[in-house]
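Structure, as structure tokens:
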Amino acid sequence: MSEIEIPEDHPRYQSLLTRHRIEEGVNRGITSKQGLIAEGRGEAFDYLLGERTIESADAAERAAAAQLLLADHPVLSVNGNVAALVAPEIVDLAEAVDADIEINLFNRTAERMEAIAAHLRDHGAENVKGLTADGRIPNLSHERAKVDADGIGAADVVLVPLEDGDRAEALGEMGKTEIVIDLNPLSRSAQVAAIPIVDNIIRAIPNITDHARELRTADHDQLAEIVAAFDPEAALAAAEAAIREGELA
Ligand code: ATP
């Protein structure tokens, strides 16, 4: 038994665990009610993917690890769903690639910002950004544009899991290299990403960390080669094909 009263070999274990974590997130003021809807959408796509990391997603996760290791100033963006689902795993990835963690909310409230920061700190995050909000993403309305000037504002590479399409687009226009995790290959966020990862964040984050640890000894040219060999359009097409063909396990 784990954090839910269901054995790990239960066929629906992963989706039940995910639902449980999101529900807990809402109860603790970390996740918004809209986050419940986003979770439902993601779950439907994951079901069609067979709740597994497809080969093209693993390649994207490897390219993401290489891109984060190459970055001068990488930032991992965290919203209410990300915090509820993978807080310790985000802290671990930040350590593996030497990245900042920044809270970045679509529905920003001071209470939720604080609750997420406390939750991340409970899991070992030392320097949580996003609370200063002294920077802006151009072409977005006031609340949604807020970032830390020395966090996402100054980042060259940003990991934005489960991001809203408008903000993903606006970040791209700022010249940031974006790595997006989204189970919907047709979402605008996935479409504008330099590296779209079509996988459940629960599987994606630990896998990026594993790749990053394995690539730690790779030199600049080897990392750049991995990034250059990655084709975002081919990855999105492979994910869409897997969903449409529905090779359900
Ligand atoms: P866009 O504006 O990019 O088209 P959207 O407005 O449809 O996106 P939301 O409804 O905010 O997006 O949902 C967030 C996205 O996150 C959805 O595309 C959903 O598939 C995805 N998602 C939800 N849960 C997960 C998860 N656990 N792992 C990966 N992706 C997820």
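The values are calculated or read from the model by the stated rules, or taken from the named source; none is laboratory data. For clarity, every value in this text was computed on a predicted model and none was experimentally measured. All Cβ positions, even for glycine, are placed from backbone atoms using ideal geometry, and neighbour counts span all protein chains on display. Note: areas computed on protein heavy atoms with side chains; ligands, DNA, RNA excluded. Shrake-Rupley method; radii C 1.70, N 1.55, O 1.52, S 1.80 Å.
Per-structure values
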| quantity | calculated |
| --- | --- |
| Residue that is nearest to the ligand (Cβ to nearest atom), among those in the stretch 164-202 that are within 25 Å of ILE22 (Cα to Cα) and basic (Lys, Arg) | ARG188 |
| Count - residues of the stretch 166-180 that are open to solvent by 10 Å² or more (accessible area, probe 1.4 Å) and either touching a Leu at 6+ places or on another chain (Cβ under 6 Å) or not β-branched (Val, Ile, Thr) (or both) | 7 |
| Cross-chain or 6+ apart pairs with Cβ under 8 Å, the stretch 108-135 first and touching a residue at least 40 places away in the same chain (Cβ under 8 Å) and part of a helix (DSSP H, G or I), then of a type in the set (Lys, Arg) and open to solvent by 40 Å² or more (accessible area, probe 1.4 Å) | ALA115/ARG28; HIS119/ARG28 |
| Hits in the stretch 45-56 (condition: small (Gly, Ala, Ser) and modelled with pLDDT of 95 or more) | SER56 |
| Those residues of the stretch 214-230 which are open to solvent by less than 80 Å² (accessible area, probe 1.4 Å) and either closer than 16 Å to PRO196 by Cβ or under 22 Å from the mean Cα position of the chain (by Cα) (or both), in sequence order | LEU215, LEU223, ALA224, ILE226, VAL227, PHE230 |
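Yes/no per residue for (1) open to solvent by 60 Å² or more (accessible area, probe 1.4 Å); (2) outside any helix (DSSP H, G or I); (3) of a type in the set (D, E, K, R):
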site	(1), (2), (3)
ILE6	no, yes, no
ARG19	yes, no, yes
GLU24	yes, no, yes
GLY29	no, yes, no
ALA38	no, no, no
ARG52	yes, yes, yes
ALA59	no, no, no
ALA65	no, no, no
